[in-house]
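Inspection log for the structure reproduced underneath, given as structure tokens.
The values are calculated or read from the model by the stated rules, or taken from the named source; none is laboratory data. Remember, it's a predicted structure, so these values are computed and weren't measured experimentally. Don't worry about glycine lacking a Cβ; one is built from the backbone with ideal geometry, like all the others, and counts go over all protein chains shown.
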There are 2 protein chains.
Amino acid sequence: MLTLCVRNVLFRSFPSQSSSDAVQLTVRPCSSSRAQEEDLHQTRTLLRLCVDRYFLSPGEANMELFRRGMSCRYGPLGTELRRNLLEQWWHSVSRTTAQVFGINTLSSSSGDTATGAPRKLNIVENEHIKQILEEKEVSKDLLIQKIQVLLQRSPTGRTSCLQGALEQFVPSLELVNRKLPFGLAETGLCFHPGEVTRASLVWFCSARASSQWLDHWTRQRLKWWRKFALSPSDFSSSDVPEEELEKAASRGVRIIYSFPWGRRRWRRCGTEETLSCCGHTEEIAPSCRSCRDGRKSVPHVISVTANVDRGALAFLSNSLQTLKKEDSRQRLQQRKVLKLHPVLAPVKVALDIGRGASVELRQVCEGLLKEFMEAKISTWPGYLETSAEADLFSPEYDEMGVLFTVVVNENTLESGLLQVRSRDTTVRETMHISEIKKFLSRYITAADNV
Amino acid sequence: MLTLCVRNVLFRSFPSQSSSDAVQLTVRPCSSSRAQEEDLHQTRTLLRLCVDRYFLSPGEANMELFRRGMSCRYGPLGTELRRNLLEQWWHSVSRTTAQVFGINTLSSSSGDTATGAPRKLNIVENEHIKQILEEKEVSKDLLIQKIQVLLQRSPTGRTSCLQGALEQFVPSLELVNRKLPFGLAETGLCFHPGEVTRASLVWFCSARASSQWLDHWTRQRLKWWRKFALSPSDFSSSDVPEEELEKAASRGVRIIYSFPWGRRRWRRCGTEETLSCCGHTEEIAPSCRSCRDGRKSVPHVISVTANVDRGALAFLSNSLQTLKKEDSRQRLQQRKVLKLHPVLAPVKVALDIGRGASVELRQVCEGLLKEFMEAKISTWPGYLETSAEADLFSPEYDEMGVLFTVVVNENTLESGLLQVRSRDTTVRETMHISEIKKFLSRYITAADNV
């Protein structure tokens, strides 16, 4: 009874989804309702935190989109996290081998190219339909016919980037001197039927080597997800069961994140990235003779597709830690920390003002802000909030995943010394103002190269 | 007669456009048809080059989209140029002051929010319309009514990012301690009614200061466009005539690029970025009491919108130079160089193989490629093309806007010395292999900081 109730709250308006983004829900017999309440509490805590700390715009409908791994309205921190994630994906896929090229195609395409999609979205000009509807002297049958023709001619929203890449296969052959393997990478908006942002690699290789390539990319991609995770083992890969394979696919692998709120009693896994291996498709078959592959074999296609929005949710969920400690009066205090990977963290450093002449301290902060921004270190202007007494280090910054908090106070004006507090160690250090930029840059670069 | 003919070729299927992206065409009496032919030739040269050098995917329809400043299918170089442009825009707008925050909203919105748009795009599920059309026993009137209701409820594609930012005004107030001015930045897909990628800043300020802020942003934005231009004076700003102002706007400024192919006989200007100042809009008026603006005044809105696709076209067109020189046999040779700004150039360095043992040289290239990619220097693997004898320096790289060509040859294996050739000076230097990465990084950073 309670199990159902909890599911109801968590997954209320779950849409019907196509297999690639399917959410796997296995309900196990519940032994303890308290554990479930805790799970529910954890979910609420994460969503609440995302709204309070500017990752997500407020509103029930928006939170629901976010929870379902769809594109939604993001606040400044969510926007930056997503940008960082996209940048890292792009770098890892298109800038580590010479054989991957970035492309950019359209989100909507004319013609009947997307016929395979289960829930096609038509993009029609309101004016055109209106004109048809307003025509007098037209029979019902003719009206239906006219609307059908309009729909046929109107562009449809793409559900993935695969089709666009297949169309670019032939024009791209020249890039690679007609030699396989090579890949085309693209990130962009897709419709599903809501909006999702996908990051896609389409890899063309010989039929003989396709299975090895699928394994290669699975390893690469899983390594990538785990690189940024706080608990890497929460990300895993598993073969797609044969009955769930997309048509034309001979093998498929999913990279899955097991959401912690489902770990105890039931398991809710989201597919972060799907890899599938198709034989030659109709689009590229006619042109395969132009490949210098020797054996006249038809190129196979490996499609690697990540959902960027769901990925952001997975990393947020994975990085949230709740630490309990007693304060000086022996009351139990909860500290929430978003331990996002330094490369993904949307804000690297927050600037605050401690005790001292506020006008002068503010000027010091503005100087530092400018310096940090020029060095492309994302900075939070905490000093603009005049109310705070920042000597206590605001717990907000831990919830925002801010790596370091820098406090400028009267001491700084005298000796140039600042207080620097680390999110991960909670250690406070004293540092000279001339060293701080270099320190931050080095820390971020080092984290990137691990 | 010829004037018309030329216009016909150039602007054949020009769509009707709303004022903000309007292309201003002023036809002047033509005195020389030869000059026009040259103009036409220049246009063709640019488009041909964009297709041949992997900026643009081939196809007449695609070239037409590109020429109209719409999103289209880009090849690897066009994709990278656009990424660089978006990154620079984002950095200059959202990362130079503490008061601008990045947001991310949706490309389609439900409800009647986009009613002001002249050509609304409805996004409807094919299935839903089909169901209505297939219903038997329904009168024509009821059918029309059902379709109208469906259209009303279906989401519409946004034409700009303004609406999304206005909706985020209230949730963002907390970010800035309820103090004006502040801004919300967003980049993303809009529909117009084709696809365009827009970069948008919405700046909220007091009514009193709005005109000064409009001037401030105009200066900032014009400076930005000129920073990356080969001939900065081709970018200019001009007030929008009163009759062309969007409704609710009290003043408007356009940043315009005058395309060189129209410079002689007629003028074709494209609006690269539009700035307009609106009074308070209905969305934010109810919440303006929550601003600590002192005088209870209603915030004004300054909307700054760039078309990223048109911007890419402008910079490509601006940077194309055709240089004539005589070769050793006194034949006139044309050298085309795409002198894109070092920061925008999609490929910073090309790696080629000269004379020598090709297996070993290839290994050296692969090592350098890896080193460059890790340093995030975008590299073209020219050495994969086995056919070329690269001691002659390929003219292709100039047409791709590649900043430097590095040639590895038998000398490199013996002494570690490479040949480095600069696109802009055409000077060839000899450099040690251990110095090349630092040299390139420094060059790019220096160009960024000018």
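Quick check, is A:Leu201 within 18 Å of A:Ser94 (Cβ to Cβ) and touching a Ser or Thr at 6+ places or on another chain (Cβ under 8 Å)?
Values: within 18 Å of A:Ser94 (Cβ to Cβ): yes; touching a Ser or Thr at 6+ places or on another chain (Cβ under 8 Å): yes.
For A:Leu201, the condition - within 18 Å of A:Ser94 (Cβ to Cβ) and touching a Ser or Thr at 6+ places or on another chain (Cβ under 8 Å) - is met.
If you go through segment B:165-174 and keep only what is in contact (Cβ under 8 Å) with a residue 12 or more places away in the chain, out of contact with any Leu (no Cβ under 7 Å at 6 or more places or on another chain) and within 28 Å of A:Leu189 (Cα to Cα), you end up with B:Leu166, B:Glu167, B:Phe169, B:Val170.
In segment A:65-109, the residue that is farthest from the other protein chains (Cβ to nearest Cβ) out of those that are buried (at least 19 other Cβ atoms within 10 Å of the Cβ) and hydroxyl-bearing (Ser, Thr, Tyr) is A:Ser94.
Scan segment A:203-249 for residues that are surrounded by 15 or more Cβ atoms within 10 Å (Cβ to Cβ) and in a strand (DSSP E or B) and the total you get is 7. Of the helices (runs of 4 or more DSSP H) entirely within segment A:1-81, those holding at least 3 residues that are in contact with a helix residue (DSSP H, G or I) (Cβ under 8 Å, 6 or more places away or on another chain) and at pLDDT 50 or above occupy A:33-52, A:60-67. The condition (being of a type in the set (Ser, Thr, Tyr) and modelled with pLDDT under 75) is satisfied by just one residue among A:Thr322, A:Thr281, A:Thr274: A:Thr281. Residues in segment B:159-188 that are at the interface with another protein chain (Cβ under 8 Å from one of its Cβ atoms) and part of a loop (DSSP other than H, G, I, E, B): B:Gln168, B:Asn177, B:Lys179.
Across segment A:429-450, what is the number of residues that are of a type in the set (Gly, Ala, Ser) and loosely packed, with under 12 Cβ neighbours inside 10 Å?
Counting residues in segment A:429-450 that are of a type in the set (Gly, Ala, Ser) and loosely packed, with under 12 Cβ neighbours inside 10 Å gives 2.
Restricting attention to segment A:49-64, and to residues there that are surrounded by 20 or more Cβ atoms within 10 Å (Cβ to Cβ) and in contact (Cβ under 8 Å) with a residue 60 or more places away in the chain, which single residue is farthest from the other protein chains (Cβ to nearest Cβ)? Across segment A:49-64, the extreme among qualifying residues is A:Cys50. Where helices (runs of 4 or more DSSP H) fall wholly inside segment B:333-450, the ranges with 1 or more residues that are among the hydrophobic types (A, V, I, L, M, F, W, C) and at pLDDT below 95 are B:358-374, B:410-415, B:436-449.
Looking only at residues of segment A:347-379 that are within 13 Å of chain B (Cβ to nearest Cβ) and of a type in the set (Lys, Arg), we find that the one that is surrounded by the most Cβ atoms within 10 Å (Cβ to Cβ) is A:Lys348. Among the criteria (1) surrounded by 22 or more Cβ atoms within 10 Å (Cβ to Cβ); (2) closer than 25 Å to A:Pro76 by Cα, the one B:Gly252 does not fulfil is (2). Could you check segment B:65-93 and list, in sequence order, the residues that are touching an Asp or Glu at 6+ places or on another chain (Cβ under 9 Å) and of a type in the set (Gly, Ala, Ser)? Scanning segment B:65-93 gives B:Gly69, B:Ser71. It is to be established whether one or more residues within segment A:140-148 are part of a loop (DSSP other than H, G, I, E, B) and within 30 Å of B:Ser110 (Cβ to Cβ). There is no residue in segment A:140-148 that is part of a loop (DSSP other than H, G, I, E, B) and within 30 Å of B:Ser110 (Cβ to Cβ).
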